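Some notes on the structure that comes next.
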Amino acid sequence: MNTTNDNQIVGSDYRFTILSDRLIRMEYQVDVHFEDRLTQTVQNRDFKCPDYTMIYDEQGFLIQIETDFFHLYYRGGEFNGETLFIDSKYNYGTHYNRWHYGDVDEKNLLGTARTLDKADGEIPLEMGVLSKSGFSILDDSKSMIQDHSTIVNRENTEIDLYGFAFGHRYLDALKTYYQLTGFPPIIPRFALGNWWSRFYPYTQDSYLQLMARFEQARIPLSISVLDMNWHTTDIPKEYGSGWTGYTWNKKYFNDPEKMLAELHRQGKRVTLNVHPAAGIRPSEAVYPEVAKAVGIDPRSKQPVIFDLNNPKFVKAYMETIHHALEKQGVDFWWVDWQQGSARSQHQVDPLWLLNVLHYNDQKARKGNDALTLSRYAGPGSHRYPIGFSGDSIASWQTLQFQPYFTATASNIGYTWWSHDIGGHMHGKYDPELALRWLQFGVFSPIMRLHSSDNQFMGKEPWNYDSETEQIMTNFMQLRHKLVPYIENANIETHEQGIPLMQPLYYQYPEDKPAYQYQNEYFFGSQLLVIPITTPKDSVIQEGRVDGYIPAGQWTDLLTHQTYVGPDELTLNRPDSEYPVLVKSGGVVVLNEDYMENINQLPVALTVQLFAGDDNQYSFKEQLGDNQATTTFRWSSVKRQLTIEINDPAGIIPPNRQLDLVEITSGQTVVVSGVQETNTTFVTPIQVDGEQLSSQLIYQKLVKCRLDFDLKQKIYQVVQNTTNLNQVILTLQSMAPQVVSEMLSEVLLSK
């Protein structure tokens, strides 16, 4: 017997819910106890009922369900490869892909993993909701029930699947996934700057002295992280290890409130690392109060067991312990749960409970300033940002994997990974590795330098040679300059489901190279990053990376070299440069006052216009619950930049100054719009392709490990031969291959 209720088709042991013309829920339950509550992953099933066609008892099928984008066939009975399959209509019905129940999605573009602990290179990834096949499955069968404040395991065994039939419209699929599971919340602005973090036994004086040295070096920091040494770790053996703790170590921090107040005065937010697994032991200062709260006589010295299923413990855990420390000045928590998942199949994963508990507590009291740093607990974790990826090995192999790992996590909606930039442990002194990792950190979601308590592993820029120190300083300053740009992408992630970091195939799904160059990614809507993750070549003394240049014109953010795609080529960069390309007509908004308090909206902004194709860039800013939008519209024909401001709450500083820098070889730009009188032109950067090529080739040859005479001959060829093809052929015949490739890249760019 079948019953139909708007978008649901229900039988004796099955239920199909057509959520949209591209998304269907498929359930099988022998006890007919279908799950209507929300789950750990799925937080919304209230979709607009789409148009669909139902066919009963025809051609050997009990049910057929068809929309414009998929056709489901069901023979009845238990779900298996014979009874249930779906044709997804790829590219609006021009191609079809058939999925049978139980199929392994060999073309799945993958998602992420719980941790990078001890990773020294690539690790396996879980499935995502995007697939080159055009159809993917989200299996919610084992997801916990999370309906409002209730978090429990499922009572009944049920097959509970969601089928996504989006073809290669990946961003549409991701937005629907967010509609189903909840959109990522806003990340506080202060989290977008540089974090200083280290597992190290700082004292109060040494830590403040370190912060002062960063200030003197004009290296901006927005978050101070105190790892586990903030609390007492030397406890009686009968109480267990010292990893868990909530009592300030007065040997190191004699006046923590004073220290926290000073860090706040400097404009920093502070987080403390906690490992809560061991509960509250009698060695803790708060033990008597917590013990009484859960019904234990403090005189018994019986430890208070960590138990998030006990409401009395939860109340004491949050209010007596964490809220009390927050009153002293702690802003948010690094919840470092390393004890795996549930203790049995009948218990809820404690990591999930911790993430929900801490983030919701922050959200209720701090609104859009809510934040936690914790570990990934599976699909749906994007609602409780941000993710701590774990204690990775400091090696080139680990760095080489991280860009792909970070961008690919967007395929399961997880957009805010925070890595131990530079690597957590082991490794050896390698300034180049530390620098390239830091540069990736600048162009990653969270820029958190971190290392172990090995006294030789500190990531302070001045621990390296003077040249590396200066480059590191420049890039850490650049991160804070980029905060307005990153903040805009942050808002877009929350409102539109557009990740800050996107694999190439999100924008170019039909370009084969977009799947091959796995480390390459978009960073916001205007920038394309091709990270350098291998050591420099010994001859040319530059880092090299193979990249894909999509169709159109792309200009390097730092060198202003211009490339025209589609093309595949090797990019070469000295230590001081990093391949970040701006799309044609791109607009990049920067705050040149990188030492300014990150929590304030800048009075002055620099707007870099990479003139080219028509472009519209909506730049959003947020203060509290209020937003302002400045829209930049670039017309290539009129060579006109129109600026429109929508600021209903008046959050933009009244004396806001926009300094426009045009990076182009073209003519004068005309500015129009409501902000015209407050816009000034900084001297335009006129890019002369030939002059730029000549300068770059000279600079690159200077550092090449070649005979001086050969360098001279190469440079004369470049200077005196006008035919570009002839120059490249001559270089190939007279110079080592790596040198000719490096110089050809410069010559072929404009």
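All of the numbers you see were taken from the coordinates with simple rules; none came from a lab. From a predicted model like this one, the values you see are computed outputs, not experimental measurements. Cβ: placed from backbone, ideal geometry, glycine included. Neighbour counts: every protein chain shown.
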Starting from the Kirkwood radius over alpha-carbon pairs of segment 394-550, derive D by Stokes-Einstein at 20 °C in a medium of 1.002 mPa s and give it in µm² s⁻¹. 131
Please report Rg (one decimal) and Dmax (integer) in Å for the Cα set of the chain. 28.1, 90
Set Lys366/Lys583; Lys583/Lys700; Lys428/Lys512; Lys251/Lys366; Lys258/Lys459, cut-off 28 Å on Cα-Cα distance; pairs above it are Lys366/Lys583; Lys428/Lys512; Lys251/Lys366
Which FRET efficiency value, to the nearest 0.05, is calculated for Glu432 and Tyr515 with the Förster distance at 25 angstrom and r the Cβ-Cβ distance? 0.30
Please get the size of the charge dipole for segment 688-750, origin at its Cα centre, with Cβ charges of +1 on Lys and Arg and -1 on Asp and Glu, quoted in debye to the nearest 20. 140
Arg365 versus Ser618, label points 7 Å from Cα toward the beta carbon: distance in nm? 3.5
Dipole of segment 3-181 (Lys/Arg Cβ +1, Asp/Glu Cβ -1, origin at the Cα centre): which of Thr41, Ser131, Met26 lies farthest to the positive side? Ser131
So how many Å³ per residue does the convex hull of the Cα atoms of segment 308-402 work out to? 136
If each DSSP helix of 4+ residues adds -39,500 (n - 2.57) and the sum is divided by the residues in the chain, what number results at 222 nm, nearest 500 deg cm²/dmol? -7500 deg cm²/dmol
Just the projected area, averaged over all directions, of the convex hull on the alpha carbon atoms of segment 374-473: how many nm²? 6.2
Rounded, prolate or oblate (a/c below 1.5 giving rounded, otherwise prolate when a/b exceeds b/c) for segment 3-181 by Cα gyration tensor: oblate
Using the Cα centre as the reference, give the magnitude of the dipole from point charges on the C-beta atoms of the chain (Lys, Arg: +1; Asp, Glu: -1; all else neutral), rounded to the nearest 20 debye. 1480
Are there GluC sites (Glu not before Pro) in segment 502-567 that DSSP puts in a loop and that have at most 14 other Cβ atoms within 10 Å, and which ones? Glu510
If r is the Cβ-Cβ distance from Asp625 to Lys237 and R0 is 51 Å, what FRET efficiency results, to the nearest 0.05? 0.50
Is the C-alpha gyration tensor of segment 133-285 telling us rounded, prolate or oblate? Criteria: a/c under 1.5 is rounded; beyond that, a/b larger than b/c is prolate, otherwise oblate. oblate
Quick one: pull the percentage of alpha-carbon pairs in segment 196-288 with a separation above 15 Å. 62
Descending principal axes extents, segment 1-86, alpha-carbon based, whole Å: 37, 32, 23
log₁₀ I(q)/I(0) of segment 688-750 at q = 0.13 Å⁻¹, via Debye over equal Cα point scatterers, no solvent, to two decimals? -0.28
With labels modelled as points extended 7 Å from the Cα through the Cβ direction, what inter-label distance (nm, one decimal) is found for Ile645 paired with Asp46? 3.7
May I ask you to list the lysines whose Cα is less than 17 Å away from that of Lys315, ignoring any residue fewer than eight positions away on the same chain? Lys292, Lys327, Lys363
Could you name the aspartates and glutamates whose alpha carbon sits less than 15 Å from that of Lys301, not counting residues in the same chain fewer than 8 places away? Glu238, Glu284, Glu289
Please tell me which of these pairs span more than 20 angstrom C-alpha to C-alpha: Lys481/Lys620; Lys132/Lys175; Lys703/Lys750; Lys481/Lys703? Lys703/Lys750; Lys481/Lys703
Within 15 Å, Cβ to Cβ, of Ser636, how many net charges do the neighbouring residues add up to if Lys/Arg are +1 and Asp/Glu are -1? +1
Residue-wise, which Karplus ³J(HN,Hα) couplings in Hz belong to segment 186-192, taking 6.51 cos²θ - 1.76 cosθ + 1.60, θ = phi - 60°, and x for glycine or proline? 5, 8, x, 4, 5, 6, 8
Taking a straight Cα-to-Cα line shorter than 17 Å from Lys118, and setting aside same-chain aspartates and glutamates fewer than 8 residues away, one finds Asp336, Asp391, Asp420, Asp453
Binned at 10 Å starting from 0, the alpha-carbon pair-distance distribution of segment 135-188 in whole percents comes out as 20, 40, 31, 9
For segment 12-68, size of Cβ-based charge dipole, Lys and Arg +1, Asp and Glu -1, in debye: 280
Dividing the convex hull volume of the alpha carbon atoms of segment 189-496 by its residue count, what do you get in Å³ per residue? 141
If you average the sequence gap of Cα pairs under 8 Å that are 6 or more apart and divide by the length of the chain, what percent do you get for the contact order? 9
